[in-house]
1. Return yes or no: is residue 288 free of Cβ contacts under 8 Å to residues at least 24 places away in the same chain and either within 16 Å of ligand 2 (Cβ to nearest atom) or closer than 25 Å to residue 342 by Cβ (or both)?
2. Every residue in the stretch 263-279 that is touching a strand residue (DSSP E or B) at 6+ places or on another chain (Cβ under 8 Å), more than 16 Å from ligand 1 (Cβ to nearest atom) and either within 15 Å of residue 212 (Cβ to Cβ) or not in a loop (DSSP other than H, G, I, E, B) (or both), please.
3. Please go through the stretch 324-342 and give me each residue that is over 17 Å from residue 467 (Cα atoms) and in contact with a helix residue (DSSP H, G or I) (Cβ under 7 Å, 6 or more places away or on another chain), ordered by number.
4. Failed condition for residue 200, given (1) more than 16 Å from ligand 1 (Cβ to nearest atom); (2) buried (at least 17 other Cβ atoms within 10 Å of the Cβ), with all others met?
5. Which one of these is assigned to a helix (DSSP H, G or I), farther than 30 Å from residue 470 by Cα and within 13 Å of ligand 1 (Cβ to nearest atom): 258, 353, 251, 317?
6. State yes or no: is residue 282 within 16 Å of ligand 1 (Cβ to nearest atom) and under 30 Å from residue 169 (Cα atoms)?
7. Which residue is surrounded by the most Cβ atoms within 10 Å (Cβ to Cβ), if the candidates are limited to the stretch 353-371 and must be within 22 Å of the chain's Cα centre (by Cα) and within 15 Å of residue 327 (Cα to Cα)?
8. For the stretch 241-262, check the following and say yes or no: at least one residue is modelled with pLDDT of 90 or more, farther than 19 Å from residue 293 by Cβ and touching a strand residue (DSSP E or B) at 6+ places or on another chain (Cβ under 6 Å).
Ligand code: ADP
Ligand code: MG
């Protein structure tokens, strides 16, 4: 057994071996746990580091990390030890835009690609550690997997244009929007596209944080010439979450020079941030203004339609049938961001696969109880009654009344249906708010509305409008 110093960085050979070992472990996991579990929980993991006997894996979300740690980490360790007995620990961290180990060039597998690749024939300068320049690309973040809707159509169109063009388009392309709305997804998609269709073009994708880290490292090792050279010689430079360098003056200065050098050569730059250039605080004025020179495209918060579309796409890829009412419920309730929406879906699927139970609205409520609480939009049954009464021109008191005429009964059923789908109240609770009706009456109303909705387009549109006005 070789005694590796704990802190010594892995050599190229060790890196290659680790990747190969991970490939084998992955395959065994896939076989053991089956395709659905593999796709939901294990496929997105990648190796970031191996130090001594510890393998560090990264998962894209905290939830996924926790799940992997509690359900699969032990098994991963055992399997890994079967291949390499020196491995003693598996660590799982949350990382999306970080450096994965580079795949071995001759490998056929498409699993963990790395970025910042030079054309195959070119030798890398010795002083540049290629593994740490760029960041790993998430294999799921492609244009094909990106669902386009009103909130992101401009950003999508701009990203696609940049990816397809051999020349710099709007320079820079500046994408901004809130957390979890798809900025990184679009940037990875650009990178994948270029990698696939224009493999000669050199692309670097990395977070602003990592840019800073690289820069500081270069300063420390007096290696700034190589640092500058490596960034300035790329065709496309993408920096994610540029707000990170707010207030970091020296890094901004360096970034500004890199930026200018690339723009002068007409090389493409793509930047993302959580705010528009002019709203970025702690950023030098000249940099702010420079960032706004090209095309600034914002991604708006998602709409119900987009969320539903994303859920459909995701369920399709996973090839797992999810009932329509469950999808609608999720699209309604998990409005914070897409990452959380995906997390919720994964959780439901995992629960169903593990427990072997069918996915229904009831199990969904159960599995997501904690999540739903924090996402509770606080739409109350009273809000619903009021809005529905206004919409159909009836009195609010009719929501509780015993009147059975159709012009009152139908809106009342609609309100009950919306109460069931938009709040986490139980059937008896809803019944009580509607003049003390029985829970079977509520259930009947929900079924009736679903039935009419499937047949009557106008009615179905009314429902959508109501839902949307209640959502904001
Ligand atoms: P951001 O970088 O804006 O914080 P991400 O790009 O990391 O957000 O997106 C969060 C998650 O939501 C990712 O898993 C991404 O694939 C998914 N996502 C966001 N927007 C879309 C979309 N329009 N279609 C499909 N998936 C999306
Ligand atoms: Mg991001």
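The values are calculated or read from the model by the stated rules, or taken from the named source; none is laboratory data. Note that the structure is a prediction, hence the values are computed from the model and not measured. Counting neighbours? That spans all protein chains shown, and the Cβs are built from the backbone with ideal geometry, glycine included.
1. Working: free of Cβ contacts under 8 Å to residues at least 24 places away in the same chain: yes; either within 16 Å of ligand 2 (Cβ to nearest atom) or closer than 25 Å to residue 342 by Cβ (or both): no.
Here the answer is no, as residue 288 does not meet what is asked.
2. Initial filter on the stretch 263-279 (touching a strand residue (DSSP E or B) at 6+ places or on another chain (Cβ under 8 Å)): 263, 267-277.
Filter once more, so that each one left must be more than 16 Å from ligand 1 (Cβ to nearest atom): 263, 267-269, 277.
Result: 263, 268, 269, 277.
3. Of all residues in the stretch 324-342, those over 17 Å from residue 467 (Cα atoms) come to 337-342.
Those that are over 17 Å from residue 467 (Cα atoms) and in contact with a helix residue (DSSP H, G or I) (Cβ under 7 Å, 6 or more places away or on another chain): 338, 341, 342.
4. Here residue 200 meets the rest and fails (2).
5. Details: 258 fails: within 13 Å of ligand 1 (Cβ to nearest atom); 353 fails: within 13 Å of ligand 1 (Cβ to nearest atom); 251 fails: within 13 Å of ligand 1 (Cβ to nearest atom).
Among 258, 353, 251, 317, only 317 is assigned to a helix (DSSP H, G or I), farther than 30 Å from residue 470 by Cα and within 13 Å of ligand 1 (Cβ to nearest atom).
6. Values: within 16 Å of ligand 1 (Cβ to nearest atom): no; under 30 Å from residue 169 (Cα atoms): yes.
For residue 282, the condition - within 16 Å of ligand 1 (Cβ to nearest atom) and under 30 Å from residue 169 (Cα atoms) - is not met.
7. Ranking the candidates gives 364 first.
8. The answer is yes, given that some residue of the stretch 241-262 is modelled with pLDDT of 90 or more, farther than 19 Å from residue 293 by Cβ and touching a strand residue (DSSP E or B) at 6+ places or on another chain (Cβ under 6 Å).
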